[in-house]
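The structure under discussion appears below in the form of structure tokens.
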């Protein structure tokens, strides 16, 4: 009996000590602790899910003209991405995306910053120093930088943004404007833009730098049925808006190549374009995921379908399409 009381007192002491430690935390420290405690693994690839609590102070970093950009390895020929958006009267507007790159761990991140829109985004956390092993508590602190490096994402207003590497991009530079890293630009749009027009206006207010990473272009779409590919050519921002109830982008500069229909030099672009053209952009989420499978490569890390209307998110890791992970961005 005495041993049970000893154990009870010891456990009670530990709980009181933990409660005391939490009570002495500042609100910022408490939010960081809640954020890192929310991390859990949902796929052995691995894919983790985490909710960021509180403010990651993105506005302050923008005002300070601080670029936060992961260090990329040199881009390998043939490693690429496929993105498409489509809108139809019979179903919800959807956005599909394959991220084709190195065999890296991934994080699905939920954020809800004060003064900004809630969003869900995918992050390649190899650029935060993570591998396939589960992160230790000490290493988890690096995940506090994850909001600054979304590779694609959806916000609560139904705006989706995704990046794709291209061979070159020459963005305009105005010394009077703040410079953002190419992934910071996605965070800006997820936090502050509710439609394609707002997103384009926001991008026009900043310089975009490719330091530390490959040049990019972006596909942006909104719940109202508008989409645009944003590219940077000869020091100008080129905006290619959808002329059909769908739009496709892969890894070539469309405003330079100007393909007619499904006649580009990229088989993934052509196959996605033909599928969407043949259905007039009318696909179910399951059919959208099947199209992503059809244009996937050995280097595809994740395939993701965002429902811009409902906030539903479907994720497949490492081309294992028999295992679809389902999530939802709250409205």
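General remarks:
- Between helix 267-278 and the chain: long-axis angle, C-alpha atoms, 0 to 90°, nearest 10: 80
- Cα-based Kirkwood hydrodynamic radius, the chain, one decimal, Å: 20.7
- Over all pairs of different C-alpha atoms, segment 143-239 has a mean inverse distance whose reciprocal, the Kirkwood radius, equals 13.4 Å.
- Rh (Kirkwood; distinct C-alpha pairs) - segment 172-331, Å: 17.2
- Each residue, residue 323 and residue 176, gets one label point 7 Å from its Cα in the Cβ direction; the gap between the two is 5.4 nm.
- Contact order for the chain, expressed relative to its length and based on alpha carbon pairs under 8 Å spaced 6+ residues apart, stands at 20 percent.
- Estimated 222 nm signal from helices in the chain, with DSSP H stretches of n ≥ 4 weighted -39500 (n - 2.57), rounded to 500: -7500 deg cm²/dmol
- Most mobile listed residue (238, 133, 198) in the chain, GNM with C-alpha springs under 10 Å: 133
- Measuring spread by the Cα atoms of segment 134-186 yields a radius of gyration and Dmax of 15.1, 43 Å.
- Helix axis angle, 2-23 relative to the chain longest principal axis, alpha carbon, degrees: 50
Rule-based calculations on the coordinates, nothing more; no lab input. What you are looking at is a predicted structure, and each value in this text was computed from that prediction instead of being measured. Heads up, the Cβs are rebuilt from the backbone with ideal geometry, glycines too, and the neighbour counts pull from every protein chain shown.
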